[in-house]
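**Q** Below you will find the structure I want to go over with you.
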Amino acid sequence: MLEHDTAWRQAAQDIVRAGQRMDQRGWVPATAGNISRRLADGRIAITRSGGHKGFLTEDDVIEIDPAGRPRADGQRASAETLLHTQIYAHDPRAGAVLHGHSVAATVLSMAATAPAIRLTDYEVLKVFEGQKTHATSIDVPIFDNDQDIARLATAVAPFLGKMPGGYVIRGHGVYVWGPDMPTALARLEGLEFLLACELERRKQ
């Protein structure tokens, strides 16, 4: 059995609270979404497969290795775990990854014909790393949904390091990350707010 020390319990609690926050906002319906956090010692904590993110307990958080395999027998991580470990492998500063399924992300990505959703001149753009003014644009790439997660990760790979606002999987949801859970949550809220604004503007 894995040792649940103080650092692990803090990571698990961070994930539980993030799940509650995302559920309150309607971003993780049914059993959708997944949440992970990397500890200072390199361990990766992630939500187990199949649980509702609004009702998580610490026991719903499992440890995976850098390849996404559960450390303990009998545990099952999300099928999309590889998209989390891909981010951690690419960015040594990444400490948390959030994946949600909002209405705005789903609808906009299915309606889009361009390879990205462009967000321009919004004040909230300043929540993303490297942005210091509203007078800018960020492209949020859209990748086609694929049940072959390894193949999807291969499509995402060339864009890593070039997506300050995260990315969207078409008809599916968003991926956002940050150096810690509060920053990742702030970026997720920022992205979801901006996607909701874009959706409202396109209704006019």
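The values are calculated or read from the model by the stated rules, or taken from the named source; none is laboratory data. Owing to the predicted nature of the structure, the values given are computational and were not obtained by experimental measurement. Cβ placement follows ideal geometry from the backbone for every residue including glycine, while neighbour counts extend to all protein chains displayed. Just so you know, the surface numbers come from the protein's heavy atoms only, side chains and all, with ligands and any DNA or RNA stripped out. Shrake-Rupley method; radii C 1.70, N 1.55, O 1.52, S 1.80 Å.
**Q** Could you state the number of Å between the C-alpha centres of the stretch 5-40 and the stretch 171-204?
**A** Centre-to-centre distance over Cα atoms comes out at 16 Å.
**Q** Could you check which residue among Asp65, Asp73, Asp91 shows the biggest mean-square fluctuation in a GNM of the chain with a 10 Å Cα cutoff?
**A** Checking each option, the largest mean-square fluctuation is seen for Asp73.
**Q** Could I ask something else about it? Go through the stretch 191-204 residue by residue and turn each phi into a ³J(HN,Hα) via Karplus (6.51, -1.76, 1.60, θ = phi - 60°); whole Hz please, and just put x for glycine and proline.
**A** For the stretch 191-204, the Karplus-derived couplings read 5, 5, 4, 5, 5, 5, 4, 4, 5, 5, 4, 6, 7, 6 Hz, x marking Gly and Pro.
**Q** Can you give me the % of accessible surface on the chain that is carbon or sulfur? Probe 1.4 Å, all protein chains present, nothing else counted.
**A** 52 percent
**Q** On average, how much accessible surface per residue is there in the stretch 1-68, in Å², for a 1.4 Å probe, leaving out ligands, DNA and RNA?
**A** Per-residue accessible area for the stretch 1-68 comes out at 47 Å².
**Q** Cα atoms only: what Rg and Dmax, in Å, come out for the stretch 10-51?
**A** 10.7, 32
**Q** While we're looking at this one, here's another question. Percent antiparallel among DSSP beta bridges with both residues in the chain, to the nearest 5?
**A** Counting only bridges with both partners in the chain, antiparallel ones make up about 95 percent.
**Q** Hand me the trypsin sites (Lys or Arg not before Pro) from the stretch 111-204 located in a DSSP loop with no more than 15 other Cβ atoms within 10 Å, in residue order please.
**A** Lys132, Lys162
**Q** Mind pulling the angle between the C-alpha long axis of helix 6-24 and the longest principal axis of the chain? Nearest 10 degrees, somewhere in 0 to 90.
**A** Value to nearest ten degrees: 40.
**Q** Just to check I understand the Karplus step: with θ = phi - 60° and J = 6.51 cos²θ - 1.76 cosθ + 1.60, what whole-Hz values come out for the stretch 148-161, glycine and proline as x?
**A** Values, residue by residue: 8, 5, 4, 5, 5, 4, 5, 5, 6, 3, x, 9, 4, x Hz.
**Q** Accessible area per residue of the stretch 78-149 at 1.4 Å probe, in Å²?
**A** 47 Å²
**Q** In addition: Relative contact order, percent, of the stretch 3-126 when contacts are C-alpha pairs under 8 Å separated by at least 6 residues?
**A** It rounds to 24 percent for the stretch 3-126.
**Q** Would you calculate the volume per residue, in Å³, of the smallest convex hull containing every Cα atom of the stretch 18-101?
**A** Expressed per residue, the convex hull around the Cα atoms of the stretch 18-101 is 89 Å³.
**Q** How large is ³J(HN,Hα), in whole Hz, for each residue of the stretch 91-102 in order, when computed from phi with the Karplus curve 6.51 cos²θ - 1.76 cosθ + 1.60 and θ = phi - 60°, using x for Gly and Pro?
**A** Once rounded to whole Hz, the list reads 10, x, 8, 5, x, 7, 10, 10, 10, x, 10, 8.
**Q** Grab the eigenvalues of the alpha-carbon gyration tensor for the chain, scale each by 5, take roots, and send me the semi-axes largest first in whole angstrom.
**A** After scaling each eigenvalue by five and taking roots: 28, 17, 16 Å.
**Q** Hey, can you grab everything whose amide H is under 5 Å from the amide H of Phe143? Only 5+ residues off in sequence or another chain; H modelled, so Pro and N-termini drop out.
**A** Val168, Ile169, Arg170
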